[in-house]
Amino acid sequence: MGDRALTMVLSGQPVFIVLGVAIFVLPVLGAVLVVDQLRFGASTERLARRLDDEGALPDVSHLPLRPSGRVERDAADAWFDEKQAELEADPENWRRWFALAQAYDLAGDRNRGRKAMRRAIELERHDPAT
């Protein structure tokens, strides 16, 4: 593919130049995105291990499950409301953001869950107790 991309770039035709450059750039962009996701996963795991070591990992084992294994919607919503209230009382605590991210996930909102987890990671990095 690299040979074809180079041929396209050297052809001098604008459309082929753009396609040739895209062939070079897209794999690099893909690699950057994969590395970002791997770093996110490793950071999330590190926070979970730390909470587990502290005995503070959010426990959802008491929440009722549907036959599919997912938490029942009403229970997930109630747990989310509880975690959101805890966060509002202590918004700079990464542990609260971690719990909120888990609550978002249980409620089915993965995008907000990832954003909340990224905030937890950022706050934990700047935590003076770390």
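Scanning the range 65-89 for residues that are in a loop (DSSP other than H, G, I, E, B) and open to solvent by less than 60 Å² (accessible area, probe 1.4 Å) yields a single hit, Gly69. For the range 90-130, a residue qualifies if it is acidic (Asp, Glu) and either part of a helix (DSSP H, G or I) or under 20 Å from Pro64 (Cβ atoms) (or both), and the qualifying residues are Asp105, Asp109, Glu122, Glu124.
One residue stands out among those in the range 90-130 that are over 20 Å from the mean Cα position of the chain (by Cα) and of a type outside the set (A, V, I, L, M): the one that is surrounded by the fewest Cβ atoms within 10 Å (Cβ to Cβ), which is Pro128.
Confirm whether Asp59 is exposed (fewer than 12 other Cβ atoms within 10 Å of the Cβ), within 21 Å of the chain's Cα centre (by Cα) and either under 30 Å from Lys83 (Cβ atoms) or touching a residue at least 40 places away in the same chain (Cβ under 8 Å) (or both). Judged against the criteria, Asp59 is a match.
To keep it simple, each residue is scored yes or no on (1) over 28 Å from Gly113 (Cβ atoms); (2) part of a helix (DSSP H, G or I).
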residue	(1), (2)
Asp3	yes, yes
Gly12	yes, no
Phe16	yes, yes
Ala31	no, yes
Asp36	no, yes
Glu45	no, yes
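The values are calculated or read from the model by the stated rules, or taken from the named source; none is laboratory data. Every value quoted in this text rests on a predicted model; they were computed, and no experiment measured them. Glycine gets a Cβ as well: all are built from the backbone with ideal geometry, and neighbour counts include every protein chain shown. Heavy atoms of the whole protein, side chains included, go into the accessibility calculation; ligands, DNA and RNA do not. Shrake-Rupley method; radii C 1.70, N 1.55, O 1.52, S 1.80 Å.
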